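The values are calculated or read from the model by the stated rules, or taken from the named source; none is laboratory data. Keep in mind that this is a model prediction, so the values were computed, not measured. We place every Cβ from the backbone using ideal geometry, glycine too, and count neighbours over all the protein chains shown.
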């Protein structure tokens, strides 16, 4: 089967009727225009690269944020799971979405996953997580019951460093959508990174943010120390308890 016949078969124009060889002295007629046009169309289609839809992850930041803002829980979890929008994903085992009651009253927000969290896919499961569970117990709360736990970034930064500004900006729409879906009665920001990202306070010191109730898009927000810091500086646990007591007064109030 020659090339032209194969093309016409593909376009459902087969059989190809061929003219007998012209008699001696008679000019050969050109091949039918339909066959020539079909061959040219196939050649063009083969030569042209296939168009690929624009990936949401590669879309401009505002378009990507708008897409995330319209997702429900299943779609949001799937997008976070498959996210490659920033450089952190290449260096971690898996994304860490968040855990807890999806109708929670309390939302605790940390900085980002550590080594234990990266391995297990759940936030606050190492030593800092055990301390956080003790803090919850002191408030008559427990993980998964009226409580949701998440982080500013969903991937572990290398060597547990603080996430960089561009990484936070890329990942923050996920947390913002989680908050919109949760509609918690109060948010507790654990540490400076979480507080500054949610409140847009820049380099403000943690001490300047503690001791008062902030507003995050209509939801009260209280700032306290990150449990990892409290493991290194146990004398500040009393200050953290003051912050949590303020959160209790606010939610009861």
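A few remarks follow.
- A search for C-beta distances below 7 Å between a residue of region 241-253 that is touching a residue at least 24 places away in the same chain (Cβ under 8 Å) and any residue that is in a helix (DSSP H, G or I), counting only pairs 6+ apart in sequence or on different chains, returns 244/135.
- Here residue 116 does not qualify as in contact (Cβ under 8 Å) with a residue 40 or more places away in the chain, in contact with a helix residue (DSSP H, G or I) (Cβ under 9 Å, 6 or more places away or on another chain) and surrounded by fewer than 20 Cβ atoms within 10 Å (Cβ to Cβ).
- Residue 150 surrounded by fewer than 17 Cβ atoms within 10 Å (Cβ to Cβ), in contact with a helix residue (DSSP H, G or I) (Cβ under 8 Å, 6 or more places away or on another chain) and at pLDDT 95 or above: no
- Index of the failed condition, residue 217 passing every other in (1) touching a helix residue (DSSP H, G or I) at 6+ places or on another chain (Cβ under 9 Å); (2) closer than 27 Å to residue 103 by Cβ; (3) touching a residue at least 40 places away in the same chain (Cβ under 8 Å): (3)
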